[in-house]
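Sending over a structure as structure tokens; questions will come in a sec.
The values are calculated or read from the model by the stated rules, or taken from the named source; none is laboratory data. Bear in mind that the values here come from a model prediction, so they are computed numbers and not experimental data. Cβ coordinates were reconstructed from backbone atoms using ideal geometry, including for glycine residues, and neighbour counts include every protein chain displayed. Heads up: the accessible areas ignore ligands, DNA and RNA and are worked out on the full protein's heavy atoms, side chains in. Shrake-Rupley method; radii C 1.70, N 1.55, O 1.52, S 1.80 Å.
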Amino acid sequence: MAKNFTTREDNYSQWYNDLVIKADLAENSAVRGCMVIKPYGYAIWEKMQAALDKMFKDTGHSNAYFPLFIPKSFFSREASHVEGFAKECAVVTHYRLKASPDGKGVVVDEDAKLEEELIVRPTSETIIWDTYRNWIQSYRDLPILVNQWANVVRWEMRTRLFLRTAEFLWQEGHTAHATSEEAIAETQQMLEVYATFAEEFMAMPVLKGFKSPNERFAGAIETYCIEALMQDGKALQAGTSHFLGQNFAKAFDVKFLSKENKLDYVWATSWGVSTRLMGALVMAHSDDNGLVLPPKLAPFQVVIVPIYKKDEDKIRITEKALEIKKALISKGISVKFDDRESYTPGYKFNEHEFRGVPVRLALGPRDLENGTVEVARRDTMEKEVLQIQDIENKIQHLLDQIQDNLYQKALTFRDNSTHYVDTWEEFVKTLDEKAGFIYAHWDGTAETEQKIKEETKATIRLIPLIEKKEDGKCIYTGKPSTQRVVFARSY
RNA sequence: CGGGGUAUAGCGUAGCCCGGCUAGCGCGCCUGCUUUGGGAGCAGGAGGUCGCAGGUUCGAAUCCUGCUACCCCGACCA
């Protein structure tokens with residue numbers, strides 16, 4: 001059991017905050033709402049990036065980079081887009097400082113006022129579509145399949161490490177297509193990519209669906225999303241993919257000539273996931289002993305801790321440990337040999353457990369005698385002693401098992417936290433007593449959705465993609481409905 | 001941005017009501033010796049603008065005012 005560490009039952013949000021800081025993932029910075037992502041946390045993000053980036057490339061996308069700053073006028077071009085983001089934009093108004101009159105520090109030089117103010121991007125649709133205008137003349141220029149890895153700024157009132165910060169890292173894909181069908185297919189394809197990533201790499205099951213008009217991205221025709229369930233029964237939006245129709249093409253006058261020599265507006269998509277996934281990852285698997293990482297995203301999959309008393313043991317154990325390390329590396333397993341001398345084995349055990357290293361090997365004099373090694377897995381906290389012989393294959397198998405077990409555990413949890421309700425009383429009761437995803441009928445109006453939100457804080461997380469048509473009555477108004485939607489309280 | 005709370009060494013805290021501090025303790029840190037199969041022990045040592053700025057007072061960590069940051073609850077949101 002970790003020292004001075006809040007348990008989930010005791011205070012879930014405190015548990016999360018403590019975990020992020022004590023597992024060395026991130027910390028608050030001197031700038032309000034902005035975090036410092038520490039090396040260990042960033043290493044996990046890099047693993048996520050690498051996996052996603054490969055999936056983007058495999059589906060034909062290329063990376064590019066667009067400016068951090070966006071001319072203010074660009075924003076006003078697409079009406080609902082401005083409306084959605086205006087309240088949380090950081091604005092650059094000047095380009096120079098000068099020594100302050102009292103000689104203490106610097107002040108903004110009022111003479112250096114920008115002719116047109118610049119917005120720090122909260123998302124890049126506008127600058128990108130302004131650019132695409134010059135890239136696109138005919139159907140031969142399409143599709144454009146571009147992604148960018150970048151930071152964005154949304155001036156949030158209340159922030160939490162990874163889950164909501166004023167500045168965050170993400171990727172945003174922006175594609176341009178000749179037809180509506182192709183753009184919709186792209187939107188759905190990227191949703192699948194996100195779902196696959198969440199399930200295969202993060203070991204986190206997700207629901208796929210699309211948003212109600214209320215929850216839709218500002219400027220989109222349709223917003224698709226994946227939603228995951230956290231251990232406290234709250235939902236977390238883990239990724240979004242938007243079909244933007246011709247909204248941005250019209251706003252930025254991006255037209256192309258078709259094969260038939262007809263001029264038409266270009267069809268668009270955009271899609272993104274952010275460092276918020278780090279928060280999702282923490283909350284999906286971790287326990288009261290600290291972080292639990294799926295092997296596919298762990299900075300180190302295996303840590304080897306040597307145990308010795310005498311110097312001669314140390315030499316022999318180090319030699320054997322390095323041998324094991326080499327064998328594991330030959331199988332593509334990432335290994336850290338923790339030979340720090342200033343910490344005891346017990347200390348190291350606790351530290352690596354807290355940081356979520358999937359597998360720990362402990363190697364001492366007894367093991368040398370017997371040709372064995374002690375293997376401890378983080379997900380179940382089980383220990384066993386194995387023959388060193390063929391250890392690389394055994395560990396590889398174990399890592400696969402851990403990855404799978406984490407997914408199954410999360411899936412079982414989600415299944416047990418998914419409820420079907422048909423009456424308002426049941427709905428309110430389930431929300432308060434069980435939380436989780438609630439499938440219920442809704443009359444399809446924004447008013448009803450808003451009322452439900454006001455009364456219960458629950459929102460429609462998504463309208464399931466796989467349409468199971470089922471006649472029913474709206475839990476709030478009793479009006480007819482043809483399909484259940486998913487409600488939950490959310491992050 | 002509204003309501004509440006907190007701010008003392010790297011971290012966690014005592015002291016604050018009732019001013020007298022040369023600011024105490026635990027963890028961590030440094031040095032040495034002994035240790036090492038689940039957060040080692042002993043000895044010695046370093047480390048503080050008491051969040052910031054004013055004010056009251058012979059004297060302020062302590063009382064007053066303003067500001068800032070963080071936490072919790074709302075509104076907003078990935």
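Filter the range A:1-31 down to residues that are under 21 Å from A:LEU277 (Cα atoms) and either at pLDDT below 90 or not in a loop (DSSP other than H, G, I, E, B) (or both), then give me how many there are.
The qualifying residues number 16.
Follow-up question, since we're still on this one. Looking only at the range A:336-352, which residues are in contact with a Lys or Arg (Cβ under 7 Å, 6 or more places away or on another chain) and over 15 Å from A:ARG378 (Cα atoms)?
Passing the criteria: A:PHE337, A:ASP338.
While we're here: Out of all the residues in the range A:80-92, is one or more in a loop (DSSP other than H, G, I, E, B), within 14 Å of RNA strand B (Cβ to nearest atom) and outside the structural domain of A:GLU215 (by TED's automatic domain parsing)? Let's see the steps before the verdict.
Let us first name the residues in the range A:80-92 that are in a loop (DSSP other than H, G, I, E, B), namely A:89-90.
From what's left, within 14 Å of RNA strand B (Cβ to nearest atom): A:89-90.
Cutting the leftovers down to outside the structural domain of A:GLU215 (by TED's automatic domain parsing) gives us A:89-90.
Within the range A:80-92, one or more residues are in a loop (DSSP other than H, G, I, E, B), within 14 Å of RNA strand B (Cβ to nearest atom) and outside the structural domain of A:GLU215 (by TED's automatic domain parsing).
Of the numbered conditions (1) part of a strand (DSSP E or B); (2) surrounded by 12 or more Cβ atoms within 10 Å (Cβ to Cβ), A:ASP471 fails exactly one; give the number of that condition.
(2)
Residues are listed down the side, and each one gets a yes or a no for (1) open to solvent by 10 Å² or more (accessible area, probe 1.4 Å); (2) among the aromatic types (Phe, Trp, Tyr); (3) at pLDDT 95 or above; (4) under 29 Å from the mean Cα position of the chain (by Cα):
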| residue | (1), (2), (3), (4) |
| --- | --- |
| A:ASP367 | yes, no, yes, no |
| A:LEU386 | yes, no, yes, no |
| A:LYS394 | yes, no, yes, no |
| A:LEU406 | no, no, yes, yes |
| A:PHE413 | yes, yes, yes, yes |
| A:ASP422 | yes, no, yes, no |
| A:ASP432 | yes, no, no, yes |
| A:LYS453 | yes, no, no, yes |
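Would you mention how many residues in the range A:194-237 are open to solvent by 10 Å² or more (accessible area, probe 1.4 Å) and closer than 30 Å to A:ALA79 by Cβ?
13
Quick check on my filter: what residues within the range A:24-42 are out of contact with any Ser or Thr (no Cβ under 8 Å at 6 or more places or on another chain) and crowded, with 18+ Cβ neighbours inside 10 Å?
Across the range A:24-42, the qualifying residues are A:LEU25, A:ALA26, A:GLY41, A:TYR42.
Any idea which of (1) at pLDDT 95 or above; (2) of a type in the set (A, V, I, L, M, F, W, C); (3) open to solvent by 80 Å² or more (accessible area, probe 1.4 Å) is the one A:ILE402 doesn't satisfy?
Against the list (1) at pLDDT 95 or above; (2) of a type in the set (A, V, I, L, M, F, W, C); (3) open to solvent by 80 Å² or more (accessible area, probe 1.4 Å), A:ILE402 comes up short only on (3).
Table: residues versus (1) among the basic types (Lys, Arg); (2) closer than 30 Å to A:LYS296 by Cβ.
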| residue | (1), (2) |
| --- | --- |
| A:PHE162 | no, yes |
| A:LYS208 | yes, yes |
| A:LEU244 | no, no |
| A:ALA251 | no, no |
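Can I ask one more? Which one of these is in contact (Cβ under 8 Å) with a residue 12 or more places away in the chain and surrounded by 18 or more Cβ atoms within 10 Å (Cβ to Cβ): A:ASP379, A:ASP339?
A:ASP379
Name the residue that is farthest from A:ALA178 (Cα to Cα), counting only residues in the range A:125-151 that are free of Cβ contacts under 8 Å to residues at least 60 places away in the same chain and surrounded by 12 or more Cβ atoms within 10 Å (Cβ to Cβ).
Once the filter is applied, the top-ranked residue is A:TRP135.
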